[in-house]
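Have a look at the structure below before the remarks.
The values are calculated or read from the model by the stated rules, or taken from the named source; none is laboratory data. None of these values were measured; they are calculated from a predicted model. Don't worry about glycine lacking a Cβ; one is built from the backbone with ideal geometry, like all the others, and counts go over all protein chains shown.
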Amino acid sequence: MKLPFAERAGLHVASANVPSPNFSHSDAIAGLWSLCRESALTLLQLKGRSLLPVVQGGMGVGVSAGGLAGAVARLGGVGTISSVDLRRLHPDLMQQTGHLLKEPYAAERINAANIEALKREIRRARALSEGQGVLAVNVMKALSQYEAYVRCALEEGVDAIVVGAGLPLDLPELAKDHPHTALIPILSDARGIQLLVRKWEKKGRLPDAIVIEHPRLAGGHLGAAKVADLQDPRFDFENVIPQAREFFRFAGIEGQVPLIAAGGISCLEDIQRLQALGAAGVQVGTAFAVTQECDAAPEFKRVLAQAGPQDVVEFISVAGLPARAVRTPWLEKYIRIESKLKAVAHVKKQCTMAFDCLAHCGLRDGVSSMGQFCIDQQLGHAYTGETDKGLFFRGAGKLPFGSRIASVQELMVWLLGSITLAALTPECIT
Ligand SMILES: Cc1cc2nc3c(=O)[nH]c(=O)nc-3n(C[C@H](O)[C@H](O)[C@H](O)COP(=O)(O)O)c2cc1C
C-alpha cells in the first residue's frame, strides 16, 4: 500500500530522526497540513496564525524544555517550554547553585540561574523551530516565581504564555505591554472558564485560547479540589466544551476563544471527536514526554512508556492539588506513610531546596491537608531518570506506540493521519 501523505509528511526519515537530503523541512510541514485535510481536521487558529491542531503541553521539571518545544514548533504545532527549575539542564548553572542551601543569598542566586536557564531554553527552542509553529512558555500560577517567569518569557518575545495550576486573573495586567503574545489559561470546567473570561473582559482582554484539561485523564497537577472529585462528570469534554461555547454565545464572543482539549488524547479519532464537539485543537502531554526529542533522561521516558493506565495513581501534591503519576517504588512508599507524615506536619525553618519553588508548599508550611514531600527534588530525580527516587508524572491514558520511543514527527503523523511506520511500504522507510 502506497501512502503518499505519509511520504509527504516526511515519515520515511522519522525512524532515524535525521533529515533526508532530498526531503525538505517545508515538505514535512506541507505533508502534515495535507494529513489534516485528508483527516477532515481543521487547523488551529491562534492570534491569526494557522497551526496544526496539536499543542504539546508544558511538562516540568525539564521534561519539555527547548529541545522538545522546538521540535514540535518546527513541524508547525505549538511547542511549550515548562519554565520551572530549568537550571537543572545547564551544568554551569547547577555548578554555581546546586550546592546552595543555608546561605542568605541562596534563593536569589537560584532564582537568577533559573531565569538565565529559561532565556537559554527559549532561544534554543526558537533556533530549532526555524521560525515555524508557535513557541509557548508554561508557567504554573502556584510558583513563587510565577510573575518573574511570565515577565522573562514576555521579554524574550515568546508567542504564547500558558498558565495552569491556579487562576491567572492577573495575566492581562502582566502582559499589558505585549498585545501580540497569546495568553492561554488552563482550566477544567465551564464555571472556571466563565469566571476567568468575565474578569479578563473587565481588563479589556480575552484569552487567545483556553486549554480545558480533564482531571480524570491528564498527567501532573490536576484541576480539581480533591482526589474524589476527579471522576465528576462536570469535567467531561462532552459537558465542558458545549457549556463553554454556550457561554461564549451568551457573552457575545462566539468564535473568538479557541478551546483546546487536554488529557488522554492518543489518536486521530480522539481529535476528530473533540473537534466535532467544538474544540479547535488538542493538547497532548505524556505521548510527547516519551518522544526521542523530550528533554528528560531515557530512563524517565522508559518509566512512563512501560507503565500502563493500571500503573498510575492519584494523590495530593505539596501544592495542595491532586496529581497523577506512575506508581514507582518511591511513590508507593510515600503513599503508604503519607498519613503518618501528615500527622507530624510542622512549619519548617526553610525550604528543602532553598528557593521556595511553590508560593504555598505543604511540606515547608506544615499544612497537613497538603502533600509532605519536596516536589522539586522528586521531579528532579525523575528528570535524571532515577527510577527509585523520582516522581514520574503521567497521564491516565494509553500511549500511541506502546512502550516504543518514537520521534515527534512520527507522533504528529500518527495523531493527524493515523499512520504508523509499520504501515509504510519498505521503499518509504530509508
Ligand atoms: C511529566 C508531566 C509533567 C507535567 N508538567 C506540567 C507542568 O509543569 N505544567 C502544566 O501546566 N501541566 C503539566 N503537565 C500536564 C500536561 O501539560 C498535559 O496537559 C497533560 O499531561 C495532558 O494529558 P496527557 O498526558 O494524557 O496527554 C504535565 C504532564 C506530564 C505527563
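List of remarks:
- Answer from 206, 222, 187 - the residue that is within 18 Å of the chain's Cα centre (by Cα) and over 18 Å from residue 325 (Cβ atoms): 187
- Failed item in (1) surrounded by fewer than 17 Cβ atoms within 10 Å (Cβ to Cβ); (2) among the charged types (D, E, K, R); (3) closer than 27 Å to residue 237 by Cβ, with residue 176 passing the rest: (3)
- Scanning region 103-141 for residues that are touching a residue at least 24 places away in the same chain (Cβ under 8 Å) and of a type in the set (Gly, Ala, Ser) yields 106, 107, 113, 117, 125, 127, 129, 133, 136.
- Those residues of region 41-70 which are more than 16 Å from the ligand (Cβ to nearest atom) and under 14 Å from the mean Cα position of the chain (by Cα), in sequence order: 70
- Among the residues of region 368-378, those that are buried (at least 18 other Cβ atoms within 10 Å of the Cβ) and over 18 Å from residue 102 (Cα atoms) comprise 370, 371, 372, 373, 375, 378.
- Cβ-Cβ under 8 Å pairs, at least 6 apart or on other chains, region 154-177 side assigned by TED's automatic domain parsing to the domain that holds residue 57 and on the phi < 0 side of the Ramachandran plot, far side among the acidic types (Asp, Glu) and part of a loop (DSSP other than H, G, I, E, B): 154/177; 160/208
- Of the helices (runs of 4 or more DSSP H) entirely within region 297-397, those holding at least 3 residues that are within 13 Å of the ligand (Cβ to nearest atom) and not acidic (Asp, Glu) occupy 298-306, 375-383.
- Within region 274-294, the presence of a residue that is within 15 Å of the ligand (Cβ to nearest atom) and surrounded by fewer than 18 Cβ atoms within 10 Å (Cβ to Cβ) is excluded.
- Residue match in region 295-306 (condition: out of contact with any Ser or Thr (no Cβ under 7 Å at 6 or more places or on another chain), farther than 17 Å from residue 206 by Cα and surrounded by 24 or more Cβ atoms within 10 Å (Cβ to Cβ)): yes
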